[in-house]
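Notes follow once the structure below has been shown.
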Amino acid sequence: MVGRALCLLLIVTLTAAGCQSNGPVTPPATPEPTRGELVAYVGGEPVRRGALWPAMVEAVGGATLSEYVLDAMLERRLATARVEVGPAQLDAERQRIAASLADDEDTAARLLDELRRRRGWGPTRFDALLRRNAGLRALVADRVTVTDAAVRREFRLRYGPAYRVRLLMVRSLDEAQTLRPEAERGDLAFAELAAARSIDPSAAQGGLLSPIRPDDTTYPRALRDAAARLEPGRVSAPVALDGGFGLVYLKEKTAGRRVDLDTVRAELVADVRRRAERVMMQQLARELIGAADVVVLDPALRRGWERQRDAAAAGP
């Protein structure tokens, strides 16, 4: 359940980490801490802050600098737009995160604590995250429009028909055609074959994917169309997908739920708006980072920054 909130929580850190900078703001350089500052003892021997500095900035310096730069640029944009972010907006962000984790308040609080512990979000970074998201949201709020077409699409995604499929993906068309007769021997045979031969990450669960809906653009159209044409228990012809060719096995087809659109319209509008806000917030974060002029003086910090930038530029 923790994964449901990552998109919301990581709008800033995932977007900022790989952006190159070239604009009007140069954050002040942070001097290396004095080597005389004692921070710990190991086996009775003193550990001074300066001894930890290079390794720490290489490990997290790039991401931390990205957050710092974005925060600086965001504060300037808020001031220019005369937009204030106060306790009410921060509390709303906190509640939004909790609600995305679980419906039950106690469960949500426990999952949020777990997520913060795993991601290393202590009080300073978590408070900054709340303000960052609140500021970005405030700046894009007036630009978000929710159309009736978008609401109807969300309705179909939530209440329309769904397909449970297994996917066996290989690199060549010839290999897919060769494996098809064995794949047509039933659910168990397909699952075992997918686990042994598929190059898709779903191989770990026998090729089983999350339910696919016709309008769900997170799945390739070719895959959605193949699933829609099948009857339960049948295997598709090889389907051209990004990175190879797939055989699709339809495990189950679920009919849409009978729900009146008007009875759930308000909830759908809110969901569509939140999704549009997230997209615009990510775009704004990239814009702000791209407008910053960052000169990294410390060699260790520069290496950390460049590693973050290069990894993000390479993509997932």
**Message:** If I filter region 194-234 down to residues being over 11 Å from R166 (Cα atoms), hydrophobic (A, V, I, L, M, F, W, C) and part of a helix (DSSP H, G or I), which single residue comes out as least open to solvent (accessible area, probe 1.4 Å)?
**Reply:** A226
**Request:** Among the candidates T124, T107, T64, T80, single out the residue that is of a type outside the set (A, V, I, L, M) and crowded, with 16+ Cβ neighbours inside 10 Å.
**Result:** T64
**Request:** Would you be able to say whether some residue in region 259-275 is touching a residue at least 12 places away in the same chain (Cβ under 8 Å) and either polar (S, T, N, Q) or not in a helix (DSSP H, G or I) (or both)?
**Result:** yes
**Per-region count, region 83-104, residues in a helix (DSSP H, G or I) and open to solvent by 100 Å² or more (accessible area, probe 1.4 Å)** = 2
**Request:** Please tell me if R185 is more than 24 Å from the chain's Cα centre (by Cα) and surrounded by fewer than 16 Cβ atoms within 10 Å (Cβ to Cβ).
**Result:** yes
**Asked** In the list V165, V146, which residue meets the criterion of being outside any helix (DSSP H, G or I) and open to solvent by 20 Å² or more (accessible area, probe 1.4 Å)?
**Response** V146
**Request:** Residue by residue through region 74-106, note down the ones that are farther than 24 Å from Q283 by Cβ and touching a residue at least 12 places away in the same chain (Cβ under 8 Å).
**Result:** A98, L101, A102
**Asked** How many residues does region 155-165 hold that are of a type in the set (K, R) and touching a Lys or Arg at 6+ places or on another chain (Cβ under 6 Å)?
**Response** 1
**Request:** Report yes if R158 is over 30 Å from K251 (Cα atoms), basic (K, R), within 24 Å of the chain's Cα centre (by Cα) and open to solvent by 20 Å² or more (accessible area, probe 1.4 Å), otherwise no.
**Result:** no
**Asked** Among the residues of region 263-295, how many are modelled with pLDDT of 80 or more, open to solvent by 20 Å² or more (accessible area, probe 1.4 Å) and either more than 25 Å from T218 (Cα to Cα) or touching a Phe, Trp or Tyr at 6+ places or on another chain (Cβ under 6 Å) (or both)?
**Response** 4
**Message:** Any residue that is open to solvent by less than 60 Å² (accessible area, probe 1.4 Å), under 28 Å from V165 (Cα atoms), modelled with pLDDT of 90 or more and assigned to a loop (DSSP other than H, G, I, E, B) - is there at least one of those in region 237-253?
**Reply:** yes
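The values are calculated or read from the model by the stated rules, or taken from the named source; none is laboratory data. The structure displayed is predicted, hence computed values, not measured ones. Note that we place each Cβ from the backbone using ideal geometry, even for glycine, and neighbour counts take in every protein chain shown. For the accessible areas, the whole protein counts, side chains as well, though only heavy atoms, and no ligand, DNA or RNA atoms are used. Shrake-Rupley method; radii C 1.70, N 1.55, O 1.52, S 1.80 Å.
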